[in-house]
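This report concerns only the one structure given below.
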Amino acid sequence: MAIVYEKSKGLTDVELHYCPGCNHGIIHKLVAESLVELGLLDDAIGVCPVGCSVFAYKYFNCDMQEAAHGRAPAVATGIKRTHPHQAVFTYQGDGDLASIGAAEIVHAAMRGEKFTTIFVNNAIYGMTGGQMAPTTLIGQKATTCQTGRTKEQAGMPIRMAEMLSTLDGCVYAERVCVTDIANINKAKKAIKKAFQKQMNGEGFTFIEVLSTCPTNWGMTPLKAVDWLKDNMIPYYPLGVIKEVAPENAEVK
Amino acid sequence: MTAKVTFNSDRCKGCELCTTVCPKHIVAIDQTVINRKGYHPAHVTDITQCIACASCAKICPDSIITVEKF
Ligand SMILES: Cc1ncc(C[n+]2csc(CCOP(=O)(O)OP(=O)(O)O)c2C)c(N)n1
Ligand code: SF4
Ligand code: SF4
Ligand code: SF4
Ligand SMILES: [Mg+2]
């Protein structure tokens, strides 16, 4: 009898508090599996956001630090600079990263801080009950735009991976999703590559993961997957947004 | 192939994601059972058809599925 798949050693045995079908759980396990497969689990330090994944420090089986809302990149900067040989990551939602923490992520990327950010874009503030995020799509309903977001009132949704890619300090940005096995495999490959580039000292690495929020989107988990494919992927295209060749990255 | 798929059913949230990825269409929600969380948990309907691909386990957000093969 050989084990083909079991819960990752990179996760604790604590039961996840996420809603049924919430993609946060899938994204957690991909980060955990990547750290284990790269032999980095014992050297990893994660920084949690404020948002539904606020309790991620209970789930990852490595050192974890909680940050104030949006400030994970600032905290990770301090951790990475004082522990340059550890694998440091932030795990942040779109409200956390693209609203209140927009300045922190932009400046960390600009400085080329050598940590990895896992950006979970579910186009909404999940934890607080479904308010509009900067990533909420045009026409998408939220408690603070009950007839749907409009361009006139809120502008067009922000594409963080593309925006951060304009900064020289950002050496790798890829957008992935976890809707099916092929995409889950691609997402894990991207996360592993980001950690490898970090450990090579190449610069700031950013993985945007499109994610579902069945509860606040008001859908079943399966309908939410379809909604993500039909609505999010056309606006937030999947794939590598930026990749600087290692020889062109400023390795310090 | 002889395969074994184990569900930590107490922790299943009945989200159905695992039912969408099985190439053999043998993962389903068991409507006859209600677990301690109040959900109908997922199960395998015909283990003899399982190819131990672990797709069901990989997509489970709660990581409650273990797949083994002989
Ligand atoms: C300083 C501060 N402002 C506002 C809040 C309220 N708040 C908590 S979580 C959150 C947004 C969470 O959304 P997101 O980052 O997208 O995470 P999700 O829950 O969707 O994963 C907000 C505004 C807070 N906790 N602290
Ligand atoms: S509210 Fe949304 S993001 Fe938060 S756990 Fe539930 S489904 Fe996930
Ligand atoms: S291991 Fe593969 S074949 Fe077996 S039940 Fe799971 S998804 Fe189906
Ligand atoms: S994916 Fe996991 S939690 Fe969801 S129904 Fe299947 S076994 Fe249960
Ligand atoms: Mg969100």
Distance check, please: which entries in A:K80/A:K114; A:K58/A:K189; A:K192/B:K69; A:K58/B:K58 exceed 18 angstrom between their Cα atoms? A:K58/A:K189; A:K192/B:K69; A:K58/B:K58
Highest to lowest packing among B:10-17, A:238-245, scored as the average C-beta count within 10 Å: B:10-17, A:238-245
Given +1 on the Cβ of Lys and Arg, -1 on the Cβ of Asp and Glu, and no further charges, what dipole in debye does the protein assembly as shown carry about its Cα centre, rounded to the nearest 20? 200 debye
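Using only Cα atoms, what Kirkwood radius does chain A have, in angstroms?
Values: mean 1/r = 0.0556 Å⁻¹.
Averaging 1/r across every pair of different Cα atoms and inverting gives 18.0 Å.
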Once phi for every residue in region A:106-113 is put through the Karplus expression 6.51 cos²θ - 1.76 cosθ + 1.60 (θ = phi - 60°), the whole-Hz ³J(HN,Hα) values, with Gly and Pro written as x, are 4, 6, 5, 5, 4, 6, x, 4
D for chain B, whole µm²/s, Stokes-Einstein with Kirkwood Rh over alpha-carbon pairs at 10 °C and 1.306 mPa s: what number? 133 µm²/s
Toward the positive end of the charge dipole of chain B, about the Cα centre and with charges on Cβ (Lys, Arg +1; Asp, Glu -1), which of B:T45, B:T20, B:T32 goes farthest? B:T20
Step through the residues of region A:96-102 one at a time and calculate ³J(HN,Hα) from phi using the Karplus curve (6.51 cos²θ - 1.76 cosθ + 1.60, θ = phi - 60°), rounding each to whole Hz and writing x for Gly and Pro. 4, 7, 9, 9, 5, x, 4
Cut-off under 5 Å, modelled amide H: who pairs with A:C145 long-range: A:M132
Shielding by partners - mean other protein chain Cβ count within 10 Å, residues of B:50-62: 6
Note: region A:170-247 at 20 °C, 1.002 mPa s; Kirkwood Rh on alpha carbon pairs; Stokes-Einstein D in µm²/s works out to 159 µm²/s
Run the accessible area of chain A with a 1.4 Å probe and give the carbon-and-sulfur part as a rounded percent. 55 percent
Among DSSP bridges having both ends in the protein assembly as shown, what percentage is antiparallel? Round to the nearest 5. 40 percent
Ranked packing of A:210-220, B:25-35, A:145-155, most packed first, by mean Cβ within 10 Å: A:210-220, B:25-35, A:145-155
Rounded to one decimal in Å, the inverse mean reciprocal Cα-Cα distance for region A:1-110, i.e. its Kirkwood radius, is 14.5 Å
For region A:154-170, just list the computed ³J(HN,Hα) in residue order, Karplus coefficients 6.51, -1.76 and 1.60, θ = phi - 60°, integers in Hz, with x standing in for Gly and Pro. 10, x, 8, x, 7, 9, 5, 4, 5, 5, 5, 5, 6, 8, 4, x, 8
Among all the lysines, which ones have a C-alpha under 18 Å from B:K37's C-alpha, if same-chain residues fewer than 8 places away are not counted? B:K13
What residues have an amide H closer than 5 Å to that of A:M64, excluding those fewer than 5 places away on the same chain, when H is modeled at 1.01 Å from N in the peptide plane? A:G46
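Please average, across the residues of A:18-28, the number of beta carbons from any other chain that are within 10 Å of each residue's own beta carbon, and give a whole number. Spell out each step's value before the answer.
Details: counts 4, 3, 10, 9, 5, 3, 1, 9, 7, 1, 3.
Per residue, the number of nearby Cβ atoms from other chains is 5 on average.
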Computed helical MRE - 222 nm, chain A, DSSP H runs ≥ 4 contributing -39500 (n - 2.57), nearest 500: -8500 deg cm²/dmol
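Ranked from highest to lowest mean number of other Cβ atoms within 10 Å per residue, what is the order of the peptides A:70-79, A:182-191? Display every interim value, and only then the final one.
Numbers: A:70-79: 21.9, A:182-191: 18.9.
So the peptides A:70-79, A:182-191, ranked by packing, come out A:70-79, A:182-191.
The values are calculated or read from the model by the stated rules, or taken from the named source; none is laboratory data. Remember, it's a predicted structure, so these values are computed and weren't measured experimentally. Glycine gets a Cβ as well: all are built from the backbone with ideal geometry, and neighbour counts include every protein chain shown. Note: accessible area is taken over every heavy atom of the protein model, side chains too, but ligands, DNA and RNA are not part of it. Shrake-Rupley method; radii C 1.70, N 1.55, O 1.52, S 1.80 Å.
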